[in-house]
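Let me begin by presenting the structure, written as structure tokens, before commenting on it.
Taken together, the values in this text are just the output of simple stated rules run on the coordinates, not laboratory data. Predicted model only: the values in this text are computed from it and were never measured. All Cβ positions, even for glycine, are placed from backbone atoms using ideal geometry, and neighbour counts span all protein chains on display.
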Amino acid sequence: MNVLRQIVIDTDAGWDDWLALLFLMKCPEIEILGVTVTGVGEAHLTPGMTNMQRLLVFGGQSANVYPGAQKPLLYSNVFPASFRATIDSFWGVSIPPPPGRTGTSTISTTSAVDFLYQTFAAAAARGKPVDMLCIGGFTNLATLLAERPLPEFQAGIGTIYAMAGAVGVPGNVYDPGDATWGYYDNTKAEWNVFVDAKAAEIALRAGLRIVLVPLDATNHVPVTTAYVNAYGSAAGSDVYAGFVYTLLQLQAGETNFFDPLAAAVLRTQSAKDLVTTAPFRLEVSTGFDEEDNTTGALTPTADPAFPEVVVCTSANATTFEGLFSSATLPRQG
């Protein structure tokens, strides 16, 4: 009997989170123990939980969904309301009936913090750490670290793979073409850190094993029209692949594979043919200055008070596309 690699997913239930989950549900060596949702990021909490639960059912999963934070630990930075509305509505796309076994996933009344604590504490007791994919900011994780004594569960935390930040490249909060997005003068921050910079600071200073997948890496894996077209040609009549293709079409040529890259880094455990990595000590800007807005900026430092984390500094698009396609497209022959 194969021993599955157990993981938990913490998400803000955005469009790229959907694709990351659809990818991981097709990785046979991975067992998803649960999905914690934050209402701090792209989706509001209730629709975000509903959308993730429906995806888990579609993917034949038994993992449940757990409600997390509804506000950041500091400030009130949020995605634009119009954007959040489209995410809440799942872009108006209907999730098709499950192509195989119908999942039994439900939305639990257990909080995200309680679920994470119980899961990591149990893993510590077994001596088998559980990895975490953190793709919606750090609010749920930081709340856990603030509310529960770390020694009680630290041994149960494997590696935390987080899509977050911009280290040596500009951030993505600033949009020169649309000042209505707000925060338009912040050129340093990436959204997952910007929405709760205090939470990011807590997580990055906790001394946990963290692999950061920032914009430095995700900038190298665009959702190209050529890839999406080739993907669609291979999808055929497969319901799962067809659904993934529908979502990909809506972003072709517009953006990058943010969270799916983090999921691929988790699956391959930072494979060298996928990403280039380097150790960094990172300071998170948690101040707020309307004339010089750098909230959420990550600054490398030599100060040993800041624990080292592994940062993915680049990524190979061809390798990523092969991983994503091989998992989500039907097998040939």
May I ask you to list the lysines whose Cα is less than 27 Å away from that of LYS272, ignoring any residue fewer than eight positions away on the same chain?
-> LYS26, LYS128
Where the centre of each part is set by its Cα atoms, how far does the range 35-112 sit from the range 238-260, in angstrom?
-> 18
The set of residues whose placed amide H lies less than 5 Å from the amide H of VAL37, leaving out same-chain residues fewer than 5 positions away, is THR11, TYR66, GLY68
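How about the range 27-104: which trypsin sites (Lys or Arg not before Pro) there lie in a loop by DSSP and see at most 14 other Cβ atoms within 10 Å?
Working: sites: ARG54, ARG84, ARG101; in loops: ARG101.
Answer by residue number: ARG101.
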For ALA305 and LEU74, extending 7 Å from Cα along the Cα-Cβ vector and measuring point to point gives, in nm, a value of 1.3
Amide H proximity to ALA315 below 5 Å, modelled H, separation 5+ or other chain, gives HIS220, THR276
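Tell me, MET163, MET25, MET49 in order of fewest to most beta-carbon neighbours within 10 Å?
On the way: MET163 32, MET25 21, MET49 26.
Neighbour counts put them in this order, fewest first: MET25, MET49, MET163.
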For the range 85-214, what is Rg from Cα atoms divided by 2.2 N^0.38 Å, rounded to two decimals?
-> 1.27
Percent of Cα-Cα distances greater than 36 Å, calculated over the chain | 12
Computed curve, the range 226-312, Cα-only Debye sum without solvent term, log₁₀ I(q)/I(0) at 0.14, 0.19, 0.20, 0.21 Å⁻¹, is -0.77, -0.98, -1.02, -1.05
Where Rh denotes the Kirkwood radius from the mean inverse Cα pair distance, what is Rg over Rh for the range 77-120?
-> 1.12
Per-selection Rg to Rh, the range 1-158 - Cα, Kirkwood hydrodynamic radius | 0.97
Ignoring the sites themselves, what is the longest stretch of the chain with no GluC sites (Glu not before Pro) in a DSSP loop and at most 14 other beta-carbon atoms within 10 Å?
-> 30-253
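Loop only per DSSP, at most 10 neighbouring Cβ atoms within 10 Å: give me the trypsin sites (Lys or Arg not before Pro) in the range 259-333, ordered by residue number. Could the numbers behind the result be given before it?
Details: sites: ARG267, LYS272, ARG281, ARG331; in loops: LYS272, ARG331.
When the trypsin sites (Lys or Arg not before Pro) of the range 259-333 are filtered for loop state and at most 10 Cβ neighbours within 10 Å, LYS272, ARG331 remain.
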CD proxy, 222 nm, the chain: helix-only mean residue ellipticity via -39,500 (n - 2.57) per DSSP H run with n ≥ 4, per residue, nearest 500, stands at -10000 deg cm²/dmol
